[in-house]
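Data block below; observations after.
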Amino acid sequence: MKHNILETIYHRLFTAYGPQHWWPGDSPFEMAVGAILTQNTNWLNVEKAIKNLKHTRALSTKALDVMPAAELSGHIRPVGYYNIKAKRLKNLVNFLMEEYQGSMKKMAKENQTVIRQKLLFVNGIGPETADSIILYALEKPVFVIDAYTKRILSRHTILHHDASYETYQKLFHQKLRRDVSRFNEYHALMVRLAKDFCRPKPRCSGCPLERI
């Protein structure tokens with residue numbers, strides 16, 4: 001693999017698409033909620049669920065802490081698997097209340113490695129969701145690996161598709177400077193490319209990474 005291949009990919013995508021202004025959210029807590037709601041669904045559905053929570057003034061740790069799971073399920077119905085995701089949101093809120101008095105600011109002050117280890121012990125939060133919370137909500141430098149990233153890199157024979165989450169993440173951490181804004185932008189650009197060109201059935205003609 002070329003030493004600067006990840007830098008080359010980033011510059012190609014940024015030139016083609018420009019800044020993506022991702023991840024949308026009015027607060028760190030909203031971003032953390034979005035990271036759970038977006039599991040196995042698209043962002044349009046997440047936006048509908050977030051709008052429902054805002055309409056009922058429920059988008060806070062205190063409000064969700066006292067809200068019954070059944071009521072929460074109704075508000076987040078657009079995202080699918082709403083009963084499961086309601087439990088996961090309640091798990092996240094319980095974690096925040098117990099560890100950080102419900103404060104994302106207090107959470108952000110803790111060591112990044114410690115935060116990640118704690119998040120991975122929360123039922124319903126895996127590596128991708130944990131890293132999304134850490135990068136977008138807490139603004140700490142960790143690269144988020146998703147199915148789109150694996151698809152793109154494996155199709156360019158940079159890594160095997162079946163390589164582990166940790167293997168993919170290690171590659172980005174080794175080859176790129178640890179920078180929150182760069183990691184944020186890079187991940188968003190990969191998502192954009194996957195939706196426009198690197199689909200399950202790829203459209204290679206005109207792709208910014210064609211002939212890379």
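When the residues of segment 21-37 are filtered to those that are at pLDDT below 95 and buried (at least 17 other Cβ atoms within 10 Å of the Cβ), which remaining residue is farthest from the chain's Cα centre (by Cα)? Before the answer, list the steps.
Within segment 21-37, the first condition is being at pLDDT below 95, and the residues that meet it are 21-26.
If we keep only those that are buried (at least 17 other Cβ atoms within 10 Å of the Cβ) as well, we get 23, 25.
On the way: 23: 8, 25: 12 Å.
Top of the filtered list is 25.
Among all residue pairs at least 6 apart or on different chains, which show Cβ distances below 6 Å where the first residue, located in segment 101-126, is within 22 Å of residue 26 (Cα to Cα) and the second is among the β-branched types (Val, Ile, Thr)?
102/61; 119/125
Go through (1) modelled with pLDDT of 95 or more; (2) outside any helix (DSSP H, G or I); (3) surrounded by fewer than 17 Cβ atoms within 10 Å (Cβ to Cβ); (4) under 15 Å from the mean Cα position of the chain (by Cα) for residue 40 and report which single condition fails.
All conditions are met except number (1).
Name, by its number, the condition in (1) more than 26 Å from residue 88 (Cβ to Cβ); (2) within 15 Å of the chain's Cα centre (by Cα); (3) crowded, with 17+ Cβ neighbours inside 10 Å that does not hold for residue 191.
Failed condition: (1).
For residue 67, work out the one condition from (1) under 17 Å from residue 115 (Cβ atoms); (2) without any contact (Cβ under 8 Å) to a residue 12 or more places away in the chain it doesn't fulfil.
That leaves (1) as the condition not met.
Within segment 74-87, does at least one residue satisfy the condition of being farther than 20 Å from residue 47 by Cα and without any contact (Cβ under 8 Å) to a residue 40 or more places away in the chain? Please lay out each step first, then the result.
As a first pass, look at segment 74-87 and keep what is farther than 20 Å from residue 47 by Cα: none.
Looking through segment 74-87, none of the residues is farther than 20 Å from residue 47 by Cα and without any contact (Cβ under 8 Å) to a residue 40 or more places away in the chain.
Counting only residues that are buried (at least 16 other Cβ atoms within 10 Å of the Cβ), within 13 Å of the chain's Cα centre (by Cα) and part of a helix (DSSP H, G or I), how many does segment 126-153 have?
Qualifying residue count for the region: 13.
Go through segment 58-100 and give me each residue that's among the β-branched types (Val, Ile, Thr) and either more than 16 Å from residue 29 (Cα to Cα) or part of a helix (DSSP H, G or I) (or both). Write out each step before concluding.
Quick first cut of segment 58-100, residues among the β-branched types (Val, Ile, Thr) only: 61, 66, 76, 79, 84, 93.
Those that are among the β-branched types (Val, Ile, Thr) and either more than 16 Å from residue 29 (Cα to Cα) or part of a helix (DSSP H, G or I) (or both): 61, 66, 79, 84, 93.
Kindly indicate which of 158, 152, 145 is touching a Cys at 6+ places or on another chain (Cβ under 6 Å) and closer than 19 Å to residue 209 by Cα.
152
Any residue at all in segment 104-125 that is acidic (Asp, Glu) and assigned to a helix (DSSP H, G or I)?
First pass over segment 104-125, keeping only residues acidic (Asp, Glu): 110.
After this cut, where a residue has to be assigned to a helix (DSSP H, G or I) as well, the list is none.
Among the residues of segment 104-125, not one is acidic (Asp, Glu) and assigned to a helix (DSSP H, G or I), which makes the answer no.
Of (1) under 14 Å from the mean Cα position of the chain (by Cα); (2) surrounded by 15 or more Cβ atoms within 10 Å (Cβ to Cβ), residue 171 satisfies all except one. Which?
(1)
Restricting attention to segment 69-91, which residues are surrounded by 16 or more Cβ atoms within 10 Å (Cβ to Cβ), farther than 21 Å from residue 102 by Cβ and among the β-branched types (Val, Ile, Thr)?
If the condition is that a residue be surrounded by 16 or more Cβ atoms within 10 Å (Cβ to Cβ), farther than 21 Å from residue 102 by Cβ and among the β-branched types (Val, Ile, Thr), then 79 is the only one that fits.
Taking interchain pairs and intrachain pairs at least six residues apart, which have beta carbon atoms under 7 angstrom, with the first residue in segment 135-158 and over 17 Å from residue 28 (Cα atoms) and the second among the acidic types (Asp, Glu) and surrounded by fewer than 17 Cβ atoms within 10 Å (Cβ to Cβ)?
Cβ pairs passing all conditions: none.
The values are calculated or read from the model by the stated rules, or taken from the named source; none is laboratory data. What you see is a predicted model, and the numbers here were worked out from it, not measured in a lab. Note that each Cβ is placed from the backbone with ideal geometry, even for glycine, and that neighbours are counted across all protein chains shown.
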